[in-house]
Amino acid sequence: MALTTTTYGYTKEHSGEARPVSADAAAADSGSLTFEIKHMDLFYGDHHALKDVSMDVRTHEITALIGPSGCGKSTFLKSLNRMNDLVENCRITGDIRFEGKDIFREVDLLALRTRVGMVFQQPTPFPKSIFENVAYGPRLQGISNKGQLSEIVEQSLRQAACWDEMKDRLNQSALGLSGGQQQRLCIARTLAARPSVILMDEPTSALDPISTQKIEDLALELKEKYTIIIVTHNMQQAKRISDKTAFFLLGELIEFDDTVKMFTDPSNPKTEEYITGRFG
Amino acid sequence: MNDSHFAAKKRLDSIMTALFRFGAYFAVVLLIAFVGYVMGEGCRYLTGDMLSFSEKGLGNQFFNTLYLVFLSLIFSAIGGIPAGVYLAEYAHKGHLVKWVRMAVETLSSLPSIVVGLFGYLVFIVMTHSEWNMLAGALTVSILMLPLLTSVTEDALRTLPESYRLSSYGLGASKWQTVLHVLLPAAFPRIMTGLIMAAGRGFGEAAALMFTAGMSTDIHWDDWDLSSPSCPLNPLRPSETLTLHIWALRTEALEANANEQAAACSAILMILVVSFSLIARYMSYRIDKKMGGN
């Protein structure tokens, strides 16, 4: 894996920087690995929620995580930016590397969450104006220049395909937007923090079909610059947008492969049963 | 089941509805009657003299009331809001928190006369000072403190968990989350708490009797902060409207003391009601701005 080694070198050179590497810089090492997960186990108290999961996530690909409710796919996603740290009694063993670095020992927690953005199942705008919602991430990073913020806000809203409908109401509350608009605003807010990875936790499950399609189109566009990992209940969605699919069942990673292969010729009979709708 | 059975059920229903409605409207009627009586009595005896900022007028007491409530709001906000934030956001479940919460609850049920005597002991006797507004404000802030603490705690607890998760997800620290997301979102409710606390301050008499003092001697041309007659000097005796009413009704020697007390009550009433209305309007505006309507 010559490519992987180059990634390590690249990341190490830039390590310790408070400022996140921009998406453009990250675009240079397409085909490399963003996440390497080896023998990961996760416990909620006594409950063994994830069992010996190993997976590589490639840069600039969309990786879909599918499986029935309670299979651990969301838990797995939330481990990647250490949101599980907020859960009491949650314990993780094994190795999770982001751009070659151990996320628990070698990467600062706040830096990790800046680089690995997250979009939640329910749209979660803050009770602030549209502008302030998007500007929140940059402000956290110490950017306070109004001109610079305006630029970032416009750029992020354009990227998330909401600039045209929101440019005239930037100072209005984000809570007045529709659910689909709120979710795209949340994506814009995530992009404004300049991440290189976007984690999406069932981002369309609370939305209507039209808004869902907009988010899916958006994901396909964003893949050019970002690495996307998406949890979805909807197998058609995984089939439509993802490059790789991971199938989880009862805390185990049953199969992980190219999406096309997985949906046409799954190697594991359980995968086949699930994607053909025999359970789940 | 026959028709009379249903009729009886319906009758009971309407009786109970009437009863509840009576209970609800009774409060309104009581308030209107009360305000009407106080205002009517007060305005009858209100003279131009009384409205002046002089020894004869009530202007100085009016100013003292506002100033004292302002100071005590600042003191109690400094203590109470961080305490509420701590209980809601930082404290883990445990013995210590249980004790803190119990202390807050006990503090809120202390009789104000007891707090007043405590204030007298600590802020007057122990500091070897005369009656002064600062001591009064500190004493009143003890009464406001538990209210602000629990209002702040409740306001933060009722915020959706998603605010916290989204903020952390963007790389925010705990302090950034509290300062930039949670406190602004909880602001309208904390504001309501401040209004309630202010209401308590406006009406307080017992806690001030031994602390703020029963006299006032302000000269409106004296702006030397260290002078005992400077209006802004918090280290001067400062009788408030409530204390003035008390003094007039118990120990005044003037012939028209009762009339003066009635006028004073009316002014206090106007102050409290208008403050409450303005504050409500402000919090409504803030709510509306954040709610996106």
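The values are calculated or read from the model by the stated rules, or taken from the named source; none is laboratory data. Note that this is a predicted model, so its numbers are computed, not measured. Don't worry about glycine lacking a Cβ; one is built from the backbone with ideal geometry, like all the others, and counts go over all protein chains shown.
Data for the structure
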| item | result |
| --- | --- |
| Verdict on residue B:41 being charged (D, E, K, R) and more than 30 Å from residue B:197 (Cβ to Cβ) | no |
| Those residues of the stretch A:168-193 which are more than 10 Å from every other protein chain (Cβ to nearest Cβ) and more than 17 Å from residue A:121 (Cβ to Cβ), in sequence order | A:168, A:170, A:188, A:191 |
| Top-ranked residue of the stretch B:155-165 - restricted to ones that are part of a helix (DSSP H, G or I) and more than 10 Å from every other protein chain (Cβ to nearest Cβ), ranked as surrounded by the fewest Cβ atoms within 10 Å (Cβ to Cβ) | B:157 |
| Candidate set from the stretch B:166-219 (those that are of a type in the set (Ser, Thr, Tyr) and surrounded by fewer than 21 Cβ atoms within 10 Å (Cβ to Cβ)); member that is farthest from the other protein chains (Cβ to nearest Cβ) | B:215 |
| Given (1) part of a helix (DSSP H, G or I); (2) in contact with a helix residue (DSSP H, G or I) (Cβ under 9 Å, 6 or more places away or on another chain); (3) of a type outside the set (S, T, N, Q), number of the condition residue B:130 does not satisfy | (1) |
| The lone exception for residue B:234 - which of (1) modelled with pLDDT under 90; (2) within 17 Å of residue B:201 (Cβ to Cβ); (3) part of a helix (DSSP H, G or I) it fails | (3) |
| Test result for residue A:141, touching a helix residue (DSSP H, G or I) at 6+ places or on another chain (Cβ under 9 Å), surrounded by fewer than 23 Cβ atoms within 10 Å (Cβ to Cβ), closer than 20 Å to residue B:179 by Cα and in contact (Cβ under 8 Å) with a residue 60 or more places away in the chain | yes |
| Some residue of the stretch A:114-137 being over 16 Å from residue A:177 (Cβ atoms) and touching a His at 6+ places or on another chain (Cβ under 9 Å) | no |
| Residues of the stretch A:97-116 classified as away from chain B (no Cβ under 13 Å) and touching a helix residue (DSSP H, G or I) at 6+ places or on another chain (Cβ under 7 Å), total | 5 |
| Those residues of the stretch A:79-96 which are more than 13 Å from every other protein chain (Cβ to nearest Cβ), farther than 21 Å from residue A:32 by Cβ and among the β-branched types (Val, Ile, Thr), in sequence order | A:92, A:93 |
| Conditions (1) under 30 Å from residue A:143 (Cβ atoms); (2) more than 11 Å from chain B (Cβ to nearest Cβ); (3) touching a helix residue (DSSP H, G or I) at 6+ places or on another chain (Cβ under 6 Å); (4) not small (Gly, Ala, Ser); number of the one not met by residue A:119 | (2) |
| Failed criterion for residue A:201 (all others in (1) crowded, with 20+ Cβ neighbours inside 10 Å; (2) within 14 Å of residue A:162 (Cα to Cα) hold) | (2) |
| Extreme residue, farthest from residue B:65 (Cα to Cα), among residues of the stretch B:254-293 that are more than 14 Å from chain A (Cβ to nearest Cβ) and among the β-branched types (Val, Ile, Thr) | B:278 |
| Residues within the stretch B:44-74 that are assigned to a helix (DSSP H, G or I) and more than 30 Å from residue B:191 (Cα to Cα), tallied | 5 |
| In the stretch A:62-100, residue surrounded by the most Cβ atoms within 10 Å (Cβ to Cβ) [restricted to those that are assigned to a loop (DSSP other than H, G, I, E, B) and out of contact with any strand residue (DSSP E or B) (no Cβ under 8 Å at 6 or more places or on another chain)] | A:82 |
| Enumeration of residues in the stretch A:210-260 that are crowded, with 22+ Cβ neighbours inside 10 Å, in contact with a helix residue (DSSP H, G or I) (Cβ under 6 Å, 6 or more places away or on another chain) and in a helix (DSSP H, G or I) | A:219 |
| Test: residue in the stretch A:108-121 that is over 15 Å from residue A:197 (Cα atoms), surrounded by fewer than 20 Cβ atoms within 10 Å (Cβ to Cβ) and over 17 Å from the mean Cα position of the chain (by Cα) | yes |
